[in-house]
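Novice: One structure, pasted below without further comment.
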Amino acid sequence: MDRYTPLYVNTSGKTCCVVGGGRVAERKIKGLLHAEAHIKVFSPEITSELKQLHQDSRIEWIARSYRKGDLRGAFLVYAATDHVEVNAQVVQEANDAGILVNDAMSSENSAFITPSVVRRGRLSIAISTAGAGPAAAAEIRSTLEQQFGEEYETYIEFLHQMRIQVKSRVSSPRVRSILLRRLTEMNVLEDIRAGQFRWWTEEEIGNWISRNQEEL
């Protein structure tokens, strides 16, 4: 992983090109859909699931082979055909244009790689072996999915909502930091797991903030 800098990239509303229409391309496209990207697919044929996504207007399908110039205006690109030569052409065009590119057949030729991800609402945990062990990455992901169950979606959302409230009600950055740290020290996660959690009212939030501020 020394060659890569771990990043979370905002692709919402940005044009992302996928060259290829097979199962590999399908996996890449599903990840981009989750990130609300504008997806353009270049391929003479695509999977039945991708055809349905096209019919639902969730992706744009250009039903032909890749041509030089197709990547113009793209934010990032996946070269996901099963032809080494085509992928190399896509990578070359992207590199020349300064566009982030991933070659699904070669991490060595890629400017970025796509990790395996565990998602729990706002929480996302990325796992990568830099292409060295996909099976190991899948096993690690399975372990993390068990360790970080569905309860974390509610927990992280609670912390997010409380952070908004604390930022709007407390002017001191130092006090904000202390209050947010105290939230993580509470038994909220255990209450969620036990089915005893309920969302706080505006009054309860205000009382908690005031009480904790007085203790500082």
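The values are calculated or read from the model by the stated rules, or taken from the named source; none is laboratory data. A quick note: this is a predicted structure, and the numbers were derived from the prediction, not measured. Reconstructed Cβ throughout: ideal geometry from the backbone, glycine too, with neighbour counts over all protein chains shown. For the accessible areas, the whole protein counts, side chains as well, though only heavy atoms, and no ligand, DNA or RNA atoms are used. Shrake-Rupley method; radii C 1.70, N 1.55, O 1.52, S 1.80 Å.
Novice: Just for the range 71-216, what percent of DSSP beta bridges are antiparallel, to the closest 5? Show your work: numbers first, answer last.
Specialist: Working: 5 of 9 bridges.
Percent antiparallel among DSSP bridges in the range 71-216 is about 55.
Novice: Turning to a different aspect of this structure: What 222 nm value per residue comes from the helices of the chain, counting each DSSP H run with n ≥ 4 as -39,500 (n - 2.57) and dividing by all residues, nearest 500 deg cm²/dmol? Don't jump to the answer; show the numbers that get you there.
Specialist: On the way: 8 runs with 98 residues, N = 216.
Calculated at 222 nm, the ellipticity per residue is -14000 deg cm²/dmol.
Novice: Moving on to the next point. Output wanted: per-residue J couplings in Hz (rounded whole) for the range 142-150, from phi through Karplus 6.51 cos²θ - 1.76 cosθ + 1.60, θ = phi - 60°, x for Gly and Pro.
Specialist: With coefficients 6.51, -1.76 and 1.60, one gets 4, 5, 5, 5, 6, 6, 10, x, 4 Hz.
Novice: If you plug each phi of the range 97-105 into the Karplus form 6.51 cos²θ - 1.76 cosθ + 1.60 with θ = phi - 60°, what whole-Hz ³J(HN,Hα) values come out, in order, with x for Gly and Pro?
Specialist: Here the 3J(HN,Hα) series is 8, x, 9, 4, 9, 10, 9, 5, 9 Hz.
Novice: What do you get when you divide the Cα radius of gyration of the chain by 2.2 N^0.38 Å, with N the number of residues? Show your work: numbers first, answer last.
Specialist: Working: Rg = 22.1 Å, N = 216, 2.2 N^0.38 = 17.0 Å.
Cα-based Rg divided by the globular estimate yields 1.30.
Novice: Ignoring ligands, DNA and RNA, what accessible area per residue does the range 81-183 give at 1.4 Å, in Å²? Mind showing how you got there, number by number?
Specialist: Numbers: 5850 Å² over 103 residues.
Result: 57 Å² per residue.
Novice: Report the Stokes-Einstein translational diffusion coefficient (µm² s⁻¹, integer) for the range 99-173, Rh taken as the Kirkwood radius over Cα pairs, at 10 °C with viscosity 1.306 mPa s. Let's see the in-between values first.
Specialist: Details: Rh = 14.9 Å.
Value of D from the Cα-based Kirkwood radius: 106 µm²/s.
Novice: I've got another one for you. What lysines does Lys68 reach when the alpha-carbon gap must be under 16 Å and sequence neighbours fewer than 8 apart in one chain are set aside?
Specialist: Of all the lysines, those that pass the test against Lys68 - Cα under 16 Å, at least 8 places apart if same chain - are Lys40.
Novice: By the scheme Lys and Arg +1, Asp and Glu -1, what is the net charge of all other residues having a beta-carbon under 12 Å from that of Val117? Mind showing how you got there, number by number?
Specialist: On the way: positive: Arg27, Lys30, Arg119, Arg120, Arg141; negative: Glu145.
Counting the neighbours of Val117, the net charge comes to +4.
Novice: Need the list of aspartates and glutamates near Lys30 for cross-linking: C-alpha distance under 12 angstrom, and skip anything on the same chain fewer than eight residues off.
Specialist: Glu49
Novice: Also: Determine how large the accessible area of Lys40 is when every protein chain is in place; take a 1.4 Å probe and give Å² rounded to the nearest 10.
Specialist: Lys40 has an accessible surface of roughly 40 Å² with all protein chains in place.
Novice: Separate question: With every protein chain present, what accessible area does Ile39 have (1.4 Å probe, heavy atoms only), rounded to the nearest 10 Å²?
Specialist: 0 Å²
Novice: Using a 1.4 Å probe on the protein heavy atoms only, what accessible surface does Asp70 show? Give it in Å² to the nearest 10.
Specialist: Number for this one is 20 Å².
Novice: If you roll a 1.4 Å probe over the range 1-132 with all protein chains in place, what percent of the accessible area is carbon or sulfur?
Specialist: 48 percent
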